[in-house]
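Report on one structure; see the data block that follows.
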Amino acid sequence: MYKVIDNFLEKDQYISLKNLITNLDFPWRRRINLSQDGHPSNNGYFTFCFYNHLQPQSEWFQPFIVPMLTKLKAASVIQVRANMHLKELFGKEEIPFHVDYDDLKNFKTGILNFSDDGGTRLKINNNKYSIKAKENRFLLMDGNTLHTTIRNDKLSRRYLLNLNYIPYES
């Protein structure tokens, strides 16, 4: 169903990646749809794609992301992106559950956290599970697992890395 891995990356690797995406000059792009169109939580977020459309989208893919995908035993990459959620863009309503790719099967979704605020809520067989965000905590789940972001209340920004990939068959 899902797995939580604390201290997922080696300390130096984690700090380097965190410094990259939290740098003031990191090239974020605003996405308007955080959830369903017209939903009160739909005020957007910021994202940066490392990998999308069957190819790397950044020179940072190889040094920062490939080692993670190797560790995860990824056979194929679907998308890897960093997200930045600003507290003031969240509405008061809970954000609807979703899957990143509803037309794919047998893939994995992973979320690496870069802060200790907010988290991810999962919905499995009508049961809800809240996974608190923690620095260097990795949440791994089946790609068809319904999930949503938990609002960050303490920090003005929440950073995370979202990976979607197809694992090697074991």
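Each row is one residue, and each column tells you yes or no for (1) modelled with pLDDT of 95 or more; (2) over 14 Å from Asn162 (Cβ atoms); (3) open to solvent by 60 Å² or more (accessible area, probe 1.4 Å).
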{"position": "Ile5", "(1), (2), (3)": "yes, yes, no"}
{"position": "Glu10", "(1), (2), (3)": "yes, yes, yes"}
{"position": "Ile15", "(1), (2), (3)": "yes, yes, yes"}
{"position": "Thr22", "(1), (2), (3)": "yes, yes, no"}
{"position": "Phe26", "(1), (2), (3)": "yes, yes, no"}
{"position": "Phe46", "(1), (2), (3)": "no, no, no"}
{"position": "His53", "(1), (2), (3)": "no, yes, yes"}
{"position": "Pro63", "(1), (2), (3)": "yes, yes, yes"}
{"position": "Pro67", "(1), (2), (3)": "yes, yes, no"}
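Quick one: is Gly110 farther than 24 Å from Asn43 by Cα and small (Gly, Ala, Ser)?
Numbers: farther than 24 Å from Asn43 by Cα: no; small (Gly, Ala, Ser): yes.
Spelling it out, it is not the case that Gly110 is farther than 24 Å from Asn43 by Cα and small (Gly, Ala, Ser).
For region 140-150, the count of residues that are under 18 Å from Phe50 (Cα atoms), open to solvent by less than 10 Å² (accessible area, probe 1.4 Å) and not acidic (Asp, Glu) is zero. Considering only residues in region 112-128 that are farther than 20 Å from Arg81 by Cβ and in contact with a Lys or Arg (Cβ under 7 Å, 6 or more places away or on another chain), the one that is surrounded by the fewest Cβ atoms within 10 Å (Cβ to Cβ) turns out to be Lys128. Return yes or no: is Glu169 part of a loop (DSSP other than H, G, I, E, B) and farther than 24 Å from Asp103 by Cα? Answer is no for this residue. Of all the criteria given as (1) surrounded by fewer than 19 Cβ atoms within 10 Å (Cβ to Cβ); (2) under 27 Å from Ala75 (Cα atoms), the one not satisfied by Ser156 is (2).
The values are calculated or read from the model by the stated rules, or taken from the named source; none is laboratory data. Just so we're clear, the structure is a prediction, and the values are computed from it rather than from any experiment. Cβ atoms come from the backbone with ideal geometry, glycine included; neighbour counts cover every protein chain shown. These area figures cover heavy atoms from the full protein model, side chains too; ligands, DNA and RNA do not enter into them. Shrake-Rupley method; radii C 1.70, N 1.55, O 1.52, S 1.80 Å.
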